[in-house]
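First comes the structure, then the notes that go with it.
The values are calculated or read from the model by the stated rules, or taken from the named source; none is laboratory data. Just so it is clear, the model here is predicted, and its values are computed rather than measured. Here the Cβ positions follow ideal geometry from the backbone for every residue, glycine too, while neighbour counts run over all protein chains shown. The accessibility values were calculated without ligands, DNA or RNA, using every heavy atom of the protein model including side chains. Shrake-Rupley method; radii C 1.70, N 1.55, O 1.52, S 1.80 Å.
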Amino acid sequence: MLSLLMGFLVMVFFSNTWSVNFLMISLITLVSLVFLNQNFLEISNMMFLSDQISSLMVFLSIFLCFLCVISTPSLKTSSYSLCLILLGLILTLAFSSNSILMFYVFFESSLIPTLLLIICWGYQPERLQAGSYMMVYTVTASLPLLVLIFSLCYKASTFDMAVIKTISSDVDSKFLVFLYGAFLVKLPMYSVHLWLPKAHVEAPLAGSMILAGILLKLGGYGLYVVNKCFCLNMGMFFLSLGLWGALLACFMCLRQTDMKALVAYSSVAHMGLVIVGVLSNTVYGITSAIIMMFAHGITSSALFCMTYFTYEKVNTRSMTYLKGMLQLYPMLGLFWFSLCCINMAAPPTLNLVSELFIVPCLWKVSILMIIVMGTMVFFSAAYNMFLYTSLNHGAFSSYCLPSKDLKTFEMLSLFMHIYPLIFLLKSEIFTF
């Protein structure tokens, strides 16, 4: 089975057509899952698709890797396909590992193909600075976590999460920042978020889709895993910082003129709610965080697709030069309207469900938290309306020249982004 997988990798490396690359990625994904799951009943260390949250994140990882290939047919190089395949496999292993040490290893390994995507297929020379920012922030915050994992698991005599959960581990309060620091930076939490807008602005489309859609969810999933294993209570400080940071990120969105930077700061605002949900340690809070991670992963990826498709038509991301696109590209305007409504949590969307679930947690903490949450929801709607109206309303600019509307593969990518958000509204996958 392993030799078959290596044979597929060689075929992808020497193939140059988009159709062959897409077929090989599909085959490699299926073969790798079969290879890793052939003894899943006997191997307790790898619990693929046995936990709802893990299976949801695995599905999101594979699904967005497919969408990256669909959305970028112009990139036909074998190295680009191999980079996406490697990233998809690492993320699948990270979300499905039952060993906390292996989760940390794959958690950090995901930075390597992401860095390659930014450096090799980025837009401007500043991509080197963006890549270094990402590495310095995330690696610096995660190294103390590795030491703490070894210390805590040495006392428990195991790295298995299922066993650690049954053992009460007392963690000194002064080490809690190091235990959560790596995941809070990865989300990222406001005040340690500066690497994210830089990475998004310089990354290619696939890099932005993977970064916003999946890699940020590694931080939320890591918070969930650590909370479940060590039963910690961070108190009010980080919960308040996450909520206030989400509000400040909404304010930052209203100041942006770059479409990509606005969507990146929107991700910071939504991840602030994930922090609040996970650290609340309540059923409603964790359910809200999981729904928000899934819904934001697909919505943010679709918004980055929209910025890229818009950029391809007018060759600029500055909203100063983009006006009246609804007259020139009506289908593009329709998708902008739909995705901005989904991003602002208009009913009936999964984003709205996640924000409603977070209200009981905040009500239990303080009534002031409800006021901050309501203000954040208002300004979230404000910056989404600002984004839509800035691009689509008014007389079109002389910089925008009429051309062809959305292509077939672009419409396919956007429909595949929106479909899970509609389909999963009627399912019970989020019942924990």
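For the range 62-71, 3J(HN,Hα) computed residue by residue from phi via the Karplus equation (6.51, -1.76, 1.60; θ = phi - 60°) reads 5, 5, 6, 5, 4, 5, 4, 5, 5, 7 Hz, glycine and proline entered as x.
Report D for the range 234-431 in µm² per second (integer): Stokes-Einstein, Kirkwood Rh on Cα pairs, 20 °C, 1.002 mPa s. Could the numbers behind the result be given before it?
Values: Rh = 17.4 Å.
Using the Kirkwood radius from Cα pairs, D works out to 123 µm²/s.
When +1 charges are put on Lys and Arg Cβ atoms and -1 charges on Asp and Glu Cβ atoms, the dipole computed for the range 234-431 relative to its Cα centre reaches about 220 debye. Look at the dipole of the range 234-431 built from charges on Cβ: of GLY277, GLN256, ALA345, the Cα furthest out on the positive end belongs to GLN256. Fully extending the segment from TYR321 to LEU194, taken as 0.36 nm per residue of separation minus the present Cα-Cα distance, adds 43.1 nm. With each label modelled as a point 7 angstrom along the Cα→C-beta vector, the VAL372-LYS165 pair spans 3.0 nm. A 1.4 Å probe run over the range 234-431, with the rest of the protein chains in place, finds 40 Å² accessible per residue. Candidates THR375, PHE386, PHE238 compared by Cα position along the dipole of the range 234-431: farthest toward the positive end lies PHE386, with charges placed on Cβ. Counting only protein heavy atoms and a 1.4 Å probe, the range 50-199 has 39 square angstrom of accessible area per residue.
Between SER397 and MET135, the C-beta separation translates, for a Förster distance of 35 Å, into a calculated FRET efficiency of about 0.35. The portion of the accessible surface of the range 234-431 made up by carbon and sulfur, rounded to a whole percent, is 72 (1.4 Å probe; DNA, RNA and ligands excluded). The slack in the chain from VAL177 to PHE251, taken as 0.36 nm per residue of separation less the alpha-carbon distance, amounts to 24.0 nm.
Efficiency by 1/(1 + (r/R0)^6): what FRET value for ILE70 and SER157, r their Cβ-Cβ distance, R0 = 60 Å, to the nearest 0.05? Spell out each step's value before the answer.
Working: r = 47 Å, r/R0 = 0.78.
Between ILE70 and SER157 the formula returns 0.80.
Are there trypsin sites (Lys or Arg not before Pro) in the range 226-327 that DSSP marks as loop and that have at most 13 other Cβ atoms within 10 Å, and which are they? In loop regions of the range 226-327 (DSSP not H, G, I, E or B), the sparsely surrounded trypsin sites (Lys or Arg not before Pro) are ARG255.
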